[in-house]
Amino acid sequence: MTTSPDQPTPASAQSSPVFPRAGDDALLDLRERLQRFRPVPQLDGPAFAGSELGVGPALLERLVEHWRDRFDWRAQESRLAALPWRQTERATVPVRAIVAEVPDAPVVLLLHGWPDSVLRFERLLPLLDDLTVVAPALPGYPFAAAADPAGLPPTAMADAVAAAMAEFGFDRYVVSAGDVGCDVAEALAARHPSAVSALHLTDVSQRHFLDAGPELLDDLDDEERAYVEHGRRWQAAEGGYMHEQSTRPWTLAAGLGDSPAGLAAWIVEKLVRWTDSDGRLENAFTLDEALTWVSAYWFSGAIGTSFAPYAANDPKDWPRIQAPTVFTVFPHDLVNAPRRFASRFFEVADWREYARGGHFAAWEQPADYAWGIRRALELAQG
């Protein structure tokens with residue numbers, strides 16, 4: 001049974017210092033905003049036929065109606081609060097993380113991306129119950145500990161995560177990541193190599209070709225050149241979000257942080273287009289699941305600070321990563337690099353391409369994603 005979004009918090013579920021809970025006033029405010037949802041005229045007509053114009057009015061109205069009348073954030077919140085959260089006490093940048101510790105087991109660090117959070121790994125965690133798993137809420141993202149400054153570029157995130165892992169008592173671990181998490185993982189391996197025994201990644205950061213100079217671009221083979229050309233076409237067709245988040249994050253955050261419908265449209269568009277969903281949200285997420293991801297941003301107010309990895313000038317000014325690296329490549333991810341290109345930046349020890357899955361592979365295909373972690377662990381131990 002679902003309950004109204006403005007249902008008071010039970011006495012047994014009040015906020016704790018470790019897991020952030022939304023106040024009753026925040027739930028009431030959200031409900032009132034959703035009640036005032038105002039559909040706006042959309043582009044229509046022959047000139048726009050066949051164009052990919054974003055989240056359609058029918059899906060958005062369905063999301064708003066479900067969020068307003070049936071979605072139960074308190075139930076989701078209680079489920080998430082029951083996870084084994086820990087928070088640093090001594091680190092300069094506070095870090096909050098899920099820490100599922102198994103005595104004497106290998107340690108795996110999971111790094112999420114955008115526009116998600118540690119929720120990316122929710123279906124994966126049961127498959128790793130024989131390992132010690134740490135999944136930090138990256139600074140500036142949902143569930144993160146409050147920090148000053150509020151948002152950090154990937155290198156600063158890597159330093160914060162390394163400090164947190166040391167405080168939690170883990171000095172060596174395998175790092176598994178996707179999307180923004182791959183930027184953090186790469187910086188972590190470059191800046192704290194003694195801590196990283198192996199890497200498992202789902203993609204090579206697009207920054208490697210977007211910021212590349214002629215010394216790299218002139219050295220590409222035909223397959224790599226086709227990849228770069230595809231990446232640039234993808235940026236032109238699909239990368240508007242990245243350009244706006246990079247160049248005008250304050251302006252964008254003002255609208256998304258004030259309008260739940262706008263926030264839902266911004267995030268759910270990616271949940272549809274970046275997954276192996278055939279263009280239908282429910283092939284990858286139920287409405288409750290999608291709205292849990294959106295609500296995590298809404299109640300934390302983190303949408304603006306989550307833009308930091310895009311807006312910060314954060315060059316990758318380090319040598320090739322030497323930690324053995326496993327890549328698992330999923331066909332509906334954004335822009336998949338060929339192995340030769342990845343090998344320019346990483347010591348690629350294994351490479352596996354799958355037939356299904358997209359950008360949120362740990363969510364969409366958790367068993368296949370887990371294979372990459374297990375393979376990285378073998379390399380770390382061998």
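Only one entry of GLY169, GLY151, GLY181 meets the criterion of being within 30 Å of ARG79 (Cα to Cα), among the small types (Gly, Ala, Ser) and free of Cβ contacts under 8 Å to residues at least 12 places away in the same chain, and that entry is GLY169. Residues in the stretch 18-36 include none that are within 18 Å of GLU269 (Cβ to Cβ) and either out of contact with any strand residue (DSSP E or B) (no Cβ under 8 Å at 6 or more places or on another chain) or surrounded by 16 or more Cβ atoms within 10 Å (Cβ to Cβ) (or both). Residue check: is PHE307 within 26 Å of GLY140 (Cβ to Cβ), in a helix (DSSP H, G or I) and either at pLDDT 95 or above or in contact with a Ser or Thr (Cβ under 7 Å, 6 or more places away or on another chain) (or both)? Against the criterion (within 26 Å of GLY140 (Cβ to Cβ), in a helix (DSSP H, G or I) and either at pLDDT 95 or above or in contact with a Ser or Thr (Cβ under 7 Å, 6 or more places away or on another chain) (or both)), PHE307 qualifies.
A single entry from GLU238, GLU282 fulfils the requirement of being surrounded by fewer than 17 Cβ atoms within 10 Å (Cβ to Cβ) and at pLDDT below 95: GLU238. Of all residues in the stretch 326-344, those that are over 20 Å from the mean Cα position of the chain (by Cα) and crowded, with 19+ Cβ neighbours inside 10 Å total 2. Evaluation of ALA264 against the conditions (1) of a type outside the set (Asp, Glu); (2) surrounded by 15 or more Cβ atoms within 10 Å (Cβ to Cβ); (3) touching a Ser or Thr at 6+ places or on another chain (Cβ under 7 Å) shows that the sole unmet condition is (3). Do we have any residue at all in the stretch 54-71 that's under 30 Å from VAL161 (Cβ atoms), in contact with a helix residue (DSSP H, G or I) (Cβ under 8 Å, 6 or more places away or on another chain) and modelled with pLDDT of 95 or more? No, the conditions are met nowhere in the stretch 54-71. When the test is whether a residue is touching a helix residue (DSSP H, G or I) at 6+ places or on another chain (Cβ under 9 Å), in contact (Cβ under 8 Å) with a residue 24 or more places away in the chain and under 17 Å from ASP333 (Cβ atoms), ASP221 does not pass it.
If you check ASP350, ASP276 for being modelled with pLDDT of 95 or more, charged (D, E, K, R), over 26 Å from ALA156 (Cβ atoms) and part of a loop (DSSP other than H, G, I, E, B), only one passes: ASP276. Quick check, is VAL294 outside any strand (DSSP E or B), of a type in the set (A, V, I, L, M) and in contact with a helix residue (DSSP H, G or I) (Cβ under 9 Å, 6 or more places away or on another chain)? Criteria met by VAL294.
The values are calculated or read from the model by the stated rules, or taken from the named source; none is laboratory data. Quantities reported herein were computed from a predicted structural model and do not represent experimental measurements. Positions of Cβ are backbone-derived with ideal geometry, glycine not excepted, and every protein chain shown enters the neighbour counts.
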